[in-house]
Amino acid sequence: MNDVEADFAALIALCAALASAIGDVIRQRSAQEITDKEVGHLELFRLSVRDARWVAGGIGAIANYSLQAAALALACVLGARIWADSPDRTGAAGGWWPARRWRCSHC
């Protein structure tokens with residue numbers, strides 16, 4: 001794994017986090033505006049599925065999971081970077097991290 005792949009994987013992971021955040025906000029706002037009446041969980045879900053904004057937020061969640069899978073398929077987003085940046089290549093960055101190797105199938 002080279003630095004370009006790791007950096008691209010990290011960028012994809014950040015996009016996944018952004019997609020998750022945007023999707024969550026859209027779904028929460030939509031769910032609050034669906035009805036003013038007290039309804040149960042199932043009724044709220046039934047009403048939400050019919051709302052286009054709530055569905056758009058769900059698509060954001062699907063995008064999040066897809067981007068996470070793509071990032072992890074490219075590289076170990078966190079582990080490889082910690083291992084590569086540690087001075088003695090044991091994962092012990094500056095002595096505060098537990099001394100064990102952070103490796104994965106890509107490293």
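Just so it is clear, none of the values below were taken in a lab; they were calculated from the coordinates. Given the structure is predicted, the values throughout are model-derived calculations rather than measurements. Cβ placement follows ideal geometry from the backbone for every residue including glycine, while neighbour counts extend to all protein chains displayed.
Of note:
- When you restrict to C-alpha pairs under 8 Å that are six or more residues apart and normalise by the size of the stretch 3-75, the relative contact order lands at 54 percent.
- For the stretch 3-75, the alpha-carbon radius of gyration amounts to 1.40 times the rule-of-thumb value 2.2 N^0.38 Å expected for a compact globular protein.
- Label point distance in nm, residue 65-residue 11, each placed 7 Å from Cα along Cα→Cβ: 2.6
- Phi-based couplings in Hz for the stretch 9-21 (Karplus 6.51, -1.76, 1.60; Gly and Pro marked x): 5, 5, 5, 5, 5, 5, 5, 5, 5, 5, 4, 5, 5
- Computed extension gain for residue 32 through residue 73, at 0.36 nm per residue and net of the alpha carbon distance, reaches 11.1 nm.
- Cα→Cβ-extended label distance, 7 Å offset, between residue 52 and residue 24, nm: 2.7
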